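We did not get these values from a lab; they are worked out from the coordinates using the rules stated. Since we're looking at a predicted model, the values are computed, not measured. Reconstructed Cβ throughout: ideal geometry from the backbone, glycine too, with neighbour counts over all protein chains shown.
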Amino acid sequence: MNKRIIYLFFIFSNLLIAESFLIKSKGYLDISTGEIVEADILIIDGKIAEIGLIDESENVTVISLPNLILLPGLMDSHVHIVGNDSKGEESIADSSHMGTVWGVVNAKKTLMAGFTTVRNVGAANYADVALRDAINRGIIEGPTMLVSGPALGITGGHCDHNLLPPEFNYSSEGVVDSPWEARKMVRKNRKYGADLIKFCATGGVMSRNTDVNAKQFTLEEMRAIVDEAHNHGMKVAAHAHGLKGIRAAIEAGVDSIEHASFIDDETIEMAIKNNTVLSMDIFVSDYILGEGIEAGIREESLNKERLVGQKQRENFLNAHRKGATITFGTDAGIFDHGDNAKQFAYMVEWGMTPLESIQASTIRTAQLFGLENIGEIKVGFDADIIGVIENPLNNIRTLEGVAFVMKEGKIYKK
């Protein structure tokens, strides 16, 4: 019996016991080549089982999408799903429990926008761990989530909640001020279910009384965080706008730099040499400066964004030209969840081809996540599949209106 017959026997025997779908569409986008492939896709028990011209079977549910182009599910490497999108007093007053409830709403919005896998970088009280587990158990609807738990930061830094007056004497959970405190917090996050570690290497736009160019943490502290995380098989993401913080974080061995706003030529080469991924959120600036006042963003933050936004986009263009690996990270939560795909057009405007921008949100992000079974429409991969009405290589904005969403073989939007 040859391999083809054995494979077909396996396929049809499994049809009798597993949930099976046969998707017929206009074709799917081959992420590697950019070609639209006219083929049917057989889904068995949440996996892509076969691709080609496939005969219908009475044991298979046929999904007819004759007007749609299919793609692998999109990914976002930098989101903040937990919490209220509002930046005003209401969001400050919300408890972590209310933030988790908002997270349920935000997770569904994200999935319905075609983002089937995301990385949540920072959440108090391990609310993102709870959301991830609830999604995995089928309690709520949302994307596959990789989560960091509380982000690590220095006292008074970007990852230390600093909007409350001093009489509250409040510090965020992840505040650490020495290498051994940092190692202990990494161990604690792992204990309570975090998939990765996130720390703040510089000040930030949305925090009070922090300088985006100021390095936070010593190199020794950063190395302790990275070493402890890597010892446990956890990747590390570093929030870093300023150049000194970016360089120190790369030297410490982080897996990704979030924002990378003031990165220079030498540091881009350093990132390439060290296989450090850049996650640059070049859409969010227009939201902050265009709608920030109405959304309740403070003037201090607006002023900082006026310094950061344009420079970050110019450095995105430069980093891409030099061959740095850039993933798709949006900072969703600063803007409304579900609008993640608006960043694609900005990535194209600032130097990427449409295919490269889609690769950033599929195969490049899957590589950063360390996941080998997502990011492509390929036999053996998870059936994370979306559908759009146009070829996105001709109109990248078609990704802003996803018409079909399947995650792990289950249909969420049709």
Highest-MSF residue in the chain out of K342, K47, K273 [GNM, Cα springs under 10 Å]: K273
Highest-MSF residue in the chain out of P392, P150, P166 [GNM, Cα springs under 10 Å]: P166
Calculated FRET value between Y170 and N136, using beta carbons and R₀ = 45 Å, to 0.05: 0.90
Estimated dipole of the chain in Debye, rounded to 20 [Cβ of Lys and Arg +1, of Asp and Glu -1, Cα centre]: 640 debye
Calculated SAXS-style log₁₀ I(q)/I(0) at q = 0.17, 0.25 Å⁻¹ - segment 156-247, Debye, Cα scatterers: -0.72, -1.29
DSSP bridge orientation in the chain - percent antiparallel, rounded to nearest 5: 40 percent
Formal net charge of residues neighbouring T327 (Cβ-Cβ distance under 11 Å; K, R +1; D, E -1): -2
Correct option for Rg and Dmax of the Cα atoms in Å [calculated from the coordinates] among [x] 25.2, 90; [y] 34.2, 111; [z] 21.6, 78: [z]
Dimensions in Å of segment 261-371 - Rg and Dmax from alpha carbons: 14.2, 43
Cα long-axis angle, helix 299-322 against the chain (0 to 90 degrees, to the nearest 10): 50 degrees
Length-normalised contact order of segment 74-369 in % [C-alpha pairs under 8 Å, at least 6 apart]: 19 percent
GNM result for the chain, Cα springs below 10 Å: residue of V254, V79, V37 fluctuating most strongly: V37
Lys/Arg +1, Asp/Glu -1 at C-beta; the chain dipole; positive extreme among L219, M352, G157: L219
Relative contact order, percent, segment 44-178 [alpha-carbon distance under 8 Å, six or more residues apart]: 19 percent
Computed magnitude of the charge dipole of segment 257-414 (debye, nearest 20; Cβ of K, R +1, Cβ of D, E -1): 400 debye
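Suppose every K and R has +1 on its Cβ and every D and E has -1 on its Cβ; what is the size of the dipole of segment 144-201 about the Cα centre, in Debye to the nearest 20?
On the way: 7 positive and 6 negative charges, 80 e Å.
For this selection, approximately 380 debye.
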Label zone at R208, where the point sits 7 Å out along the Cα-to-Cβ direction: segment 273-298 residues whose backbone N lies under 13 Å: 298
Full-extension gain in nm, N395 to E356, via 0.36 nm per residue minus C-alpha separation: 12.7 nm
Residues whose placed amide H lies under 5 Å from that of G73, excluding near-sequence neighbours: G375, D384, I385, I386
Cβ-based charge dipole, segment 74-369, positive-most Cα from A182, S301, N209: A182
Under 23 Å from the Cα of K215 - lysines, other chains or at least 8 residues apart: K184, K198, K235, K244, K273, K304, K311
